[in-house]
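Take a look at the structure set out below.
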Amino acid sequence: MATTLTTIGDGWWWSKKTASTMSWLRVSQQLHTASQVVVGAVLGSVFAILWFWSWDAIVLKAFISHLWVRAVVILGAAGFCLGFILYVIRYWVNDDN
């Protein structure tokens, strides 16, 4: 079964709501200008669509049929999450300034 944007359902609505709230916060706290947020939203949307398409067209078939592909994808995702957590601990939590 191929995944389509219509099968995403309520997650799509929550994603838009969260993105809108975060965009408003970034501009209201003067961390970004409105034009920076718009460019980020456009680029993020393009990359999200490309990722969705490439997963559906290329990776999904291999993910379902080969155990080693599942292991690589899952271990890679876990590695990126661990790296982000370590980065947060190192630079955000232990900020001496």
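The values are calculated or read from the model by the stated rules, or taken from the named source; none is laboratory data. This is a predicted model, so every value here is computed, not measured. Reconstructed Cβ throughout: ideal geometry from the backbone, glycine too, with neighbour counts over all protein chains shown.
The table that follows gives values for the structure above.
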quantity: Residue in region 22-58 that is nearest to residue 77 (Cα to Cα), counting only those that are β-branched (Val, Ile, Thr) and modelled with pLDDT of 85 or more; calculated: 49
quantity: Within region 46-81, tally of residues that are of a type in the set (Val, Ile, Thr), touching a residue at least 12 places away in the same chain (Cβ under 8 Å) and under 21 Å from residue 15 (Cα atoms); calculated: 0
quantity: Single residue of region 39-71 satisfying the filter (closer than 20 Å to residue 24 by Cα, loosely packed, with under 13 Cβ neighbours inside 10 Å and not polar (S, T, N, Q)) that is nearest to the chain's Cα centre (by Cα); calculated: 44
quantity: Verdict on residue 61 being among the charged types (D, E, K, R) and at pLDDT 85 or above; calculated: yes
